[in-house]
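Single-structure report; data block below.
The values are calculated or read from the model by the stated rules, or taken from the named source; none is laboratory data. Please read all numbers here as calculations on a predicted model, not as lab measurements. Cβ atoms come from the backbone with ideal geometry, glycine included; neighbour counts cover every protein chain shown. Quick note on the areas: whole protein, heavy atoms, side chains included, nothing else; ligands and nucleic acids left out. Shrake-Rupley method; radii C 1.70, N 1.55, O 1.52, S 1.80 Å.
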Amino acid sequence: MGTLSWITHRGKFSRKIAHGQPWPRFTNCMRPTVSFLQDAPQLAHPYRDERLLHGLLDRVLPHPRRAALDTDLDALGDYALMAWQRASTTTRRKPVLTPWDAWGRRVDRIELTAAWQEGPHLATRHAVLAAGHENHEHARLEEFARVYLYHVASEFYTCPLAMTDGAATALKASGNQALIERAMPHFLSRNPATFWLSGQWMTETHGGSDVGQTETLARWDADGQWRLYGRKWFSSAVVGETALALARPEGAGEGSGALALFYVETMDGVQRKPQLVIDRLKDKLGTQELPTAEIHLDGLAAWPLGELSNGVRQVAPMLNVTRTWNAVCAIASMARAVALARDYAMRRQVFGRPLIEQPLHAQTLADMQAEFEGAFALAFEVAHLLGRVEHGSTAPREAMLLRLLTPLAKLWTGKLAVCLCSEALECFGGAGYIEDTVLPQLLRDAQVYAIWEGTTNVLSLDALRALAGDGLGALRAAIATWQQGADPHAAFAIDAALDAAIAHLDVAPAQRATLEAGARGISITLARCAAAALLARQAAWSQARGDVRPAAVLRRFLGHGLLRLADIGPEDTDLLLG
Ligand code: MFK
């Protein structure tokens, strides 16, 4: 027996249907009512209700700094809440490129989404970039707290912000006073009218990892000006007023050592310079609000940052900053996914009780939470360390630590974001697969974190580069410090995993292939060891204040195991792929 209800222009009707009796056909004037509706997930205030960020800032920042930061973080949390509600009630838009105007003039005009139009106002009003370049050791931490809250709401406007931050950092490192004086006031402006964005033009048609194959040519033209000629295949912030571009000075040799790093400006007043042509916008899996473009350069004026070679070395400060953004933005996406899944589990009734009371579902959510908190701890440690190293308030060894932790945090959080966003979608059942819940976007967007700014494998090889210096010694020393006062079982587990990873690094130079083949496993194991030690530090601090929750997070994280080493040799790989 069942009851069918429906509404027509004459009112509401219902009819009992006996078992086996056919259900009547609906006519156009009958509108079925739904007797069971599911509650949509609600987003808690991304700042006020964010336990982890509060815990971190309370532990680290001196009281006056902590209090001063509150206004910006609270406002960015409000904006994030508004943006979530807006995204839930409007159709998702993409930027639109208009190459020609109605009268045949080349205009390359790009219409941006609402969040992108709001971007310069938000970024300058809340000093997102300017905060990171203030002269104190917590500057980067305070910057990345803002980034964490703003990122998802920004619809990846954080991508050009990251590159602008990277460009500012690379300019400072270059010591080129003329360019610093010209661009920095715009990059760090607190006024949207004078704010400039920077792009990062590296990738060409052969792909992004092997930058040494760059074909863009830099020519010293008869007018006494360097000019760039060539094609860049992925330009993420094509709306930027400036960019840093790798190019090969005419007559220079092959390979990456012969590349130079140039600064360019893209606008002539309100018009885009005609020597920069936008060929088309990319059609991407995710980050769809971000106008990623294919461009070509036909004599765009350019200024070298420094020497006319070693451009990769000169752009490295930019890469390390954007990789930190990548890690913080990855944990911001994880935070959103985990928060929505947890909220939904409290609303959704299934098999007679809320989903959160189903033991297996609760277990799944707790597992996600523990992994997220480990990633949060590592990403923010990198952010804070970056500021302390830049400010000069650390021992020299900590610069080595930063050099190693940056690729580790980027590569591990990039992979974890995909995994947790996928798991979160599954927590919604079929609804997680439906576009107008806005949930699938989380997964599609997350995929970029593992690709941007170097793939997991490229970053694993970069970690080997960092380990070849004194990165390992620095990591060992840091882990020993972080886990002081930690539960001895936790310290034992972390040390054992660290020793196992180090044993995998101990290969003869002739066995470089074995080392490289294992680089991803080593990197993820080291990242997990660092994260566990940081969780242990937070657990000890919190326990002393009567909060035992972080200790439970640490136990759960350790329960997932720290080791991700690959124990299968290259010979087996050859057999598998043969
Ligand atoms: C919302 C979040 C937003 C995030 C931003 C999104 C923007 C997305 C836009 C992009 O994705 S732009 C494309 C980004 N492309 C990459 O990240 C390139 C990936 N490939 C690599 O990282 C390769 O490892 C690399 C290009 C660096 C290899 O180049 P080489 O020239 O073959 O490497 P080599 O010879 O080992 O290094 C050259 C020098 O740079 C060496 O120094 P020396 O000359 O002094 O010996 C290296 O030590 C140094 N170096 C390389 N990577 C470094 C570094 N130094 C410091 N830090 C690093 N990370």
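Taking the range 113-187 and the helices (runs of 4 or more DSSP H) fully enclosed by it, the elements with 2 or more residues that are open to solvent by 20 Å² or more (accessible area, probe 1.4 Å) and within 16 Å of the ligand (Cβ to nearest atom) are at 158-174. Among the residues of the range 49-93, just one is open to solvent by less than 30 Å² (accessible area, probe 1.4 Å) and of a type in the set (Asp, Glu), namely 50. The set of residues in the range 328-359 that are closer than 10 Å to residue 424 by Cα and of a type in the set (Gly, Ala, Ser) comprises 337, 339, 341.
A count restricted to the range 339-364 and to residues that are of a type in the set (Phe, Trp, Tyr) and part of a helix (DSSP H, G or I) stands at 1. Within the range 37-48, being surrounded by fewer than 18 Cβ atoms within 10 Å (Cβ to Cβ) and of a type outside the set (A, V, I, L, M, F, W, C) holds for 38, 39, 42, 45, 48.
Number of residues in the range 201-234 that are β-branched (Val, Ile, Thr) and more than 13 Å from the ligand (Cβ to nearest atom): the value is 2. Taking each residue of the range 165-193 that is among the acidic types (Asp, Glu) and looking for partners that are assigned to a helix (DSSP H, G or I) with beta-carbon atoms closer than 6 Å, six or more apart or interchain, yields 165/129; 165/321.
Among residues belonging to the range 321-348 that are more than 16 Å from the ligand (Cβ to nearest atom) and surrounded by 23 or more Cβ atoms within 10 Å (Cβ to Cβ), point out the one that is farthest from residue 416 (Cα to Cα). Checked the range 321-348; the qualifying residue farthest from residue 416 (Cα to Cα) is 344.
Restricting the range 387-401 to residues that are of a type in the set (A, V, I, L, M) and surrounded by fewer than 24 Cβ atoms within 10 Å (Cβ to Cβ), the residue that is nearest to residue 498 (Cα to Cα) is 400. Within the range 125-183, the set of residues being among the polar types (S, T, N, Q) and closer than 24 Å to residue 266 by Cβ comprises 154, 158, 164, 169, 174, 176, 177. Screening the candidates 424, 463 for the property of being in contact (Cβ under 8 Å) with a residue 40 or more places away in the chain and either away from the ligand (no atom under 11 Å from the Cβ) or surrounded by fewer than 19 Cβ atoms within 10 Å (Cβ to Cβ) (or both) yields one hit, 424.
Taking the range 427-460 as the range and being among the aromatic types (Phe, Trp, Tyr) and either surrounded by fewer than 19 Cβ atoms within 10 Å (Cβ to Cβ) or under 30 Å from residue 501 (Cβ atoms) (or both) as the test, the residues that pass are 433, 449, 452.
The set of residues in the range 188-200 that are within 16 Å of the ligand (Cβ to nearest atom) and over 19 Å from residue 150 (Cβ atoms) comprises 199, 200. Checking each residue in the range 94-112 for being open to solvent by 50 Å² or more (accessible area, probe 1.4 Å) and on the phi > 0 side of the Ramachandran plot picks out only 104.
Quick grid of which residues meet (1) assigned to a strand (DSSP E or B); (2) surrounded by 21 or more Cβ atoms within 10 Å (Cβ to Cβ):
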position	(1), (2)
228	yes, yes
240	no, yes
245	yes, yes
248	yes, yes
261	yes, yes
277	yes, no
280	yes, no
285	no, no
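Condition check for residue 297 on (1) open to solvent by 40 Å² or more (accessible area, probe 1.4 Å); (2) modelled with pLDDT of 95 or more; (3) more than 15 Å from the ligand (Cβ to nearest atom): one failure, at (1). Which one is most open to solvent (accessible area, probe 1.4 Å), of the residues in the range 502-527 that are of a type in the set (A, V, I, L, M, F, W, C) and within 26 Å of the chain's Cα centre (by Cα)? This residue is 517. Selection over the range 370-411 of residues that are part of a helix (DSSP H, G or I), over 21 Å from residue 149 (Cα atoms) and among the β-branched types (Val, Ile, Thr) gives a count of 1. Inspection of the range 402-420 identifies no residue that is over 23 Å from the mean Cα position of the chain (by Cα) and either crowded, with 22+ Cβ neighbours inside 10 Å or more than 14 Å from the ligand (Cβ to nearest atom) (or both).
Is there a residue in the range 315-324 that is in contact with a Leu (Cβ under 6 Å, 6 or more places away or on another chain) and under 30 Å from residue 105 (Cα atoms)? Taking every residue of the range 315-324 in turn, none turns out to be in contact with a Leu (Cβ under 6 Å, 6 or more places away or on another chain) and under 30 Å from residue 105 (Cα atoms). Total residues in the range 342-393 satisfying the condition of being closer than 18 Å to residue 320 by Cα and modelled with pLDDT under 95: the figure is 1.
When every residue of the range 101-117 is checked against the conditions, at least one turns out to be in contact (Cβ under 8 Å) with a residue 60 or more places away in the chain and polar (S, T, N, Q).
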